[in-house]
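Visitor: Pasting a structure here, questions to come.
The values are calculated or read from the model by the stated rules, or taken from the named source; none is laboratory data. Here the structure is a predicted model, which means the values were calculated and not measured. Counting neighbours? That spans all protein chains shown, and the Cβs are built from the backbone with ideal geometry, glycine included.
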Amino acid sequence: MLTLDAAGHLVYKRLPSLQMISPVSLGGARWIAITYCSFFAITLFAAPKQTANALTQIRSVLQAQQDAWNRGDIDGFMNGYASSASTVFISEDTIARGWQTVRDRYRKKYSSRAKMGTLTFSDLEITLLSSHSAVASGRWKLKRANDQPHGRFTLILRRQLEGWRIVYDHTSAASPPK
């Protein structure tokens, strides 16, 4: 049974845990509304900055890879990949699993500066999937003395303790001109 006491509080006579239920005061409601609006505003205005930061960080990883490649530094290039056994690289008709396997593949295929040439990434598009994952796609091109292989890539990146790293790389080469 609910009744009002002299102070205007609801009093429930049968259950001790519900003996007194105070209505929310106007000051309390105002405090709740201000807190909610503040939290909402912080969340709303922080999201674009976090997105811009993530996109800048991902672009920096890819720029660092391009720079390392162009110095002939395969290990520096590999810093863009997650140092994990679950890292995946797909090219042509092969799948390389694990950071070390991907590194060994690059070292074998690009065993000299002449084979490495000069790398350029272009047409980069990055989409954040969450605050900790993104997909990036673009074009790659090698400029070498005798040829200019090129193609496209799609990367999945994850934010890790050391920053954004590639966990999945699918790279394809365009057919050479006939």
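Visitor: Examine segment 122-136 for a residue that is assigned to a strand (DSSP E or B) and within 18 Å of residue 69 (Cα to Cα), and state whether such a residue exists. Talk me through it step by step, then tell me what you get.
Guide: Initial filter on segment 122-136 (assigned to a strand (DSSP E or B)): 122-130, 133-136.
Remaining after also requiring within 18 Å of residue 69 (Cα to Cα): 122, 124.
Yes - at least one qualifying residue is present in segment 122-136.
Visitor: Just one of (1) more than 15 Å from residue 154 (Cα to Cα); (2) under 19 Å from the mean Cα position of the chain (by Cα) trips up residue 75, so point out which.
Guide: (2)
Visitor: Pairs only if they're at least six apart or on different chains, beta carbon under 7 angstrom, first in segment 159-178 and under 13 Å from residue 57 (Cα atoms) and at pLDDT 95 or above, second in a strand (DSSP E or B) and hydrophobic (A, V, I, L, M, F, W, C); list them, first residue then second.
Guide: Close Cβ pairs satisfying both conditions: 164/157; 165/157; 166/155; 166/157.
Visitor: Could you pull out the residue among 90, 58, 95 that is assigned to a strand (DSSP E or B) and under 19 Å from residue 134 (Cβ atoms)? Steps first, please.
Guide: Working: 58 fails: assigned to a strand (DSSP E or B); 95 fails: under 19 Å from residue 134 (Cβ atoms).
None of the other options fit; the residue is 90.
Visitor: Further question: Among the residues of segment 141-160, which ones are of a type outside the set (D, E, K, R) and either surrounded by 15 or more Cβ atoms within 10 Å (Cβ to Cβ) or not in a strand (DSSP E or B) (or both)? Show your work before the answer.
Guide: Taking segment 141-160 first, the residues of a type outside the set (D, E, K, R) are 142, 145-146, 148-151, 153-157, 160.
If the condition is that a residue be of a type outside the set (D, E, K, R) and either surrounded by 15 or more Cβ atoms within 10 Å (Cβ to Cβ) or not in a strand (DSSP E or B) (or both), then 142, 145, 146, 148, 149, 150, 153, 154, 155, 156, 157 are the ones that fit.
Visitor: For residue 147, state whether it is among the acidic types (Asp, Glu) and without any contact (Cβ under 8 Å) to a residue 60 or more places away in the chain. Step through it out loud before you land on a result.
Guide: Values: among the acidic types (Asp, Glu): yes; without any contact (Cβ under 8 Å) to a residue 60 or more places away in the chain: yes.
Spelling it out, residue 147 is indeed among the acidic types (Asp, Glu) and without any contact (Cβ under 8 Å) to a residue 60 or more places away in the chain.
Visitor: Residues of segment 86-99 being in contact (Cβ under 8 Å) with a residue 12 or more places away in the chain and over 11 Å from residue 167 (Cα atoms), which ones?
Guide: Filtering segment 86-99 down to residues in contact (Cβ under 8 Å) with a residue 12 or more places away in the chain leaves 86-92, 97-99.
Residues satisfying the conditions are 90, 91, 92.
Visitor: Can you tell me which residue is nearest to residue 152 (Cα to Cα) among those in segment 83-114 that are exposed (fewer than 14 other Cβ atoms within 10 Å of the Cβ) and within 20 Å of the chain's Cα centre (by Cα)?
Guide: In the first step, residues of segment 83-114 are kept if they are exposed (fewer than 14 other Cβ atoms within 10 Å of the Cβ); the result is 85-86, 92-95, 104, 107-109, 111-114.
Still in the running and within 20 Å of the chain's Cα centre (by Cα): 85-86.
Details: 85: 24, 86: 22 Å.
Restricting to residues being exposed (fewer than 14 other Cβ atoms within 10 Å of the Cβ) and within 20 Å of the chain's Cα centre (by Cα), the top hit is 86.
Visitor: Residues 80, 76: which one is closer than 21 Å to residue 60 by Cα and either in contact (Cβ under 8 Å) with a residue 40 or more places away in the chain or polar (S, T, N, Q) (or both)?
Guide: Numbers: 76 fails: either in contact (Cβ under 8 Å) with a residue 40 or more places away in the chain or polar (S, T, N, Q) (or both).
None of the others qualify; the one that does is 80.
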